[in-house]
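Below is one structure; the comments refer to it alone.
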Amino acid sequence: MFRDARDYQILFLSLFLCLGLVTRDWTLRPAVIGVAIATTLLTQTLFSLWGSYQAVGNGQTGELVLPATLTGGSPSGRWQLAWDNFAFNWRSPLISALGLSLLLRVDHLPTMALAAFVAIASKFLLKVDGKHFFNPANLGIIAALSFTHDAWVSPGQWGEEIWYALIFLGAGGMVLKRVGRWDTTAAFLGSYALLEALRNLYLGWTWDVWLHRLSSGSLLLFALFMVTDPRSIPNARPARLIWALSIAGLTFVLRNYFYLSTAVFWTLFLLSPLTIALDRLWQSDRFVWKGWAARQSVIG
């Protein structure tokens, strides 16, 4: 149906958002969603246009080498040329906005605007060898939790109904099949489930406790749509497996021994720089979205 896997992500995240608003007693205002979408799209536009302007100034727009007569002109001419070569990536910022709307709760609109701005700006400002290593939505959540007093994440907002988990797994599986990052989710969920099972056995708890801890909607959304972001996680499969196991291990420790309910988000934030080292240890081709212009690798 869709050629770009991000279209499936947008569709499913939108449906999850509607499902949560209709079936759960969320305190999420439509204005908050609107601010998240508007801020991410505006930030993406401004940074992409500036990247295009810089590329023109360097004599390149992606793979296209410009004639010298076009690269040394006036600033207004450079801006016009930058605009002519500007291609807007609306899918990625919209995905980040939907992710923030699903996971982050705020009391005031500027707090969501801050999270959305940090999420998109990080893609352009925090890069190594042209690759951003922080998951945008996750970094936006961390920024809101760290720098404001009216932001929180509610891991139990989806309740305990098993049918939510089945919907998430089915939809997430379709996306992962097209992206090719199912191994990362399997490694993370499998190792985390094993650690929780061993702890359950050690404490002598019944297995419904174990199932309850694994059926969190926020945990499944994280495992299916955040920890598998192909543009920010390690490129090679062995590196991704090590990375996913590390995230599962630290999440288990922070959740069970430091009683941190937002453990998965802090773990991803803390271990994201590990991507840089793993990409250098295991060389592999960088992921590129199908149908996305090659020149965007330069301008974001």
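The values are calculated or read from the model by the stated rules, or taken from the named source; none is laboratory data. Computed from a prediction, not measured in an experiment: that's the story for all the values here. Reconstructed Cβ throughout: ideal geometry from the backbone, glycine too, with neighbour counts over all protein chains shown. For the accessible areas, the whole protein counts, side chains as well, though only heavy atoms, and no ligand, DNA or RNA atoms are used. Shrake-Rupley method; radii C 1.70, N 1.55, O 1.52, S 1.80 Å.
If you take the residues in region 246-286 that are open to solvent by 30 Å² or more (accessible area, probe 1.4 Å) and aromatic (Phe, Trp, Tyr), which one is farthest from the chain's Cα centre (by Cα)?
Our first condition is that a residue be open to solvent by 30 Å² or more (accessible area, probe 1.4 Å); within region 246-286, this holds for 246, 250, 253, 255, 257-261, 266, 269-271, 273-274, 276-277, 280-286.
Right, trim to aromatic (Phe, Trp, Tyr) and you get 257-259, 266, 269, 282.
Working: Tyr257: 26, Phe258: 25, Tyr259: 24, Trp266: 13, Phe269: 11, Trp282: 22 Å.
Of everything passing the filter in region 246-286, Tyr257 is farthest from the chain's Cα centre (by Cα).
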Qualifying position, being surrounded by 13 or more Cβ atoms within 10 Å (Cβ to Cβ) and over 14 Å from Ser218 (Cβ atoms), among Gly140, Gly130: Gly140
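Could we say that Ile120 is part of a helix (DSSP H, G or I), farther than 17 Å from Thr43 by Cα, touching a residue at least 40 places away in the same chain (Cβ under 8 Å) and open to solvent by less than 20 Å² (accessible area, probe 1.4 Å) here? Lay out the reasoning, then the answer.
Values: part of a helix (DSSP H, G or I): yes; farther than 17 Å from Thr43 by Cα: no; touching a residue at least 40 places away in the same chain (Cβ under 8 Å): yes; open to solvent by less than 20 Å² (accessible area, probe 1.4 Å): yes.
The answer is no for Ile120.
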From Leu211, Leu189, Leu201, Leu176, residue being assigned by TED's automatic domain parsing to the domain that holds Ala236, within 21 Å of Arg6 (Cβ to Cβ) and either out of contact with any strand residue (DSSP E or B) (no Cβ under 8 Å at 6 or more places or on another chain) or in a helix (DSSP H, G or I) (or both): Leu176
Considering residues of region 215-227 that are open to solvent by 10 Å² or more (accessible area, probe 1.4 Å) and under 9 Å from the mean Cα position of the chain (by Cα) only, the residue nearest to Trp266 (Cα to Cα): Met226
Qualifying residue in region 45-52 (condition: under 16 Å from Ala119 (Cβ atoms), open to solvent by less than 10 Å² (accessible area, probe 1.4 Å) and under 16 Å from the mean Cα position of the chain (by Cα)): no
Test for Arg231: is it assigned to a helix (DSSP H, G or I), closer than 26 Å to Asn89 by Cβ, in contact with a Ser or Thr (Cβ under 9 Å, 6 or more places away or on another chain) and among the charged types (D, E, K, R): no
Cross-chain or 6+ apart pairs with Cβ under 7 Å, region 233-257 first and assigned by TED's automatic domain parsing to the domain that holds Ala193 and within 14 Å of Leu194 (Cβ to Cβ), then basic (Lys, Arg) and at pLDDT 95 or above: Asn256/Arg199
Among (1) closer than 18 Å to Ile10 by Cβ; (2) in contact with a helix residue (DSSP H, G or I) (Cβ under 6 Å, 6 or more places away or on another chain), the one test that Arg231 misses: (2)
Residue match in region 124-143 (condition: touching a residue at least 24 places away in the same chain (Cβ under 8 Å), in contact with a strand residue (DSSP E or B) (Cβ under 8 Å, 6 or more places away or on another chain), of a type in the set (A, V, I, L, M, F, W, C) and closer than 29 Å to Arg24 by Cα): yes
